[in-house]
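Structure first, commentary second.
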Amino acid sequence: MITKIKIDDVASYKNPVNINDLSQFNFFYGLNGTGKTTLTNFLGVTETDEIFTEFSQCSIWPTDIKQTHDLFVYNQSY
């Protein structure tokens with residue numbers, strides 16, 4: 001289970017944002033342009049994707065979650 005996400009220096013995130021205390025199910029909502037799609041793009045990107053380097057300042061905990069679990073992201077790109 002993802003417990004923490006840090007988004008920084010990508011799209012609308014010019015300053016670090018830490019999302020802590022995540023539970024098994026989480027719901028993100030907000031106005032247009034607030035970073036919801038950027039967050040889901042980070043969760044869905046893999047090291048082989050061209051946009052992977054855009055998220056070089058972003059982190060997820062546990063750090064190996066993308067290797068040990070399948071993350072399914074449902075956004076407009078889906």
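Out of region 1-34, which residues are part of a loop (DSSP other than H, G, I, E, B), aromatic (Phe, Trp, Tyr) and more than 22 Å from Asp70 (Cα to Cα)? The one that is part of a loop (DSSP other than H, G, I, E, B), aromatic (Phe, Trp, Tyr) and more than 22 Å from Asp70 (Cα to Cα): Tyr29. Scanning region 35-78 for residues being assigned to a loop (DSSP other than H, G, I, E, B), open to solvent by 70 Å² or more (accessible area, probe 1.4 Å) and β-branched (Val, Ile, Thr) gives a total of 2.
The values are calculated or read from the model by the stated rules, or taken from the named source; none is laboratory data. In this text the structure is predicted, and so the values were computed from the model without any measurement. Only protein heavy atoms, including side chains, enter the accessible area calculation; ligands, DNA and RNA are left aside. Shrake-Rupley method; radii C 1.70, N 1.55, O 1.52, S 1.80 Å.
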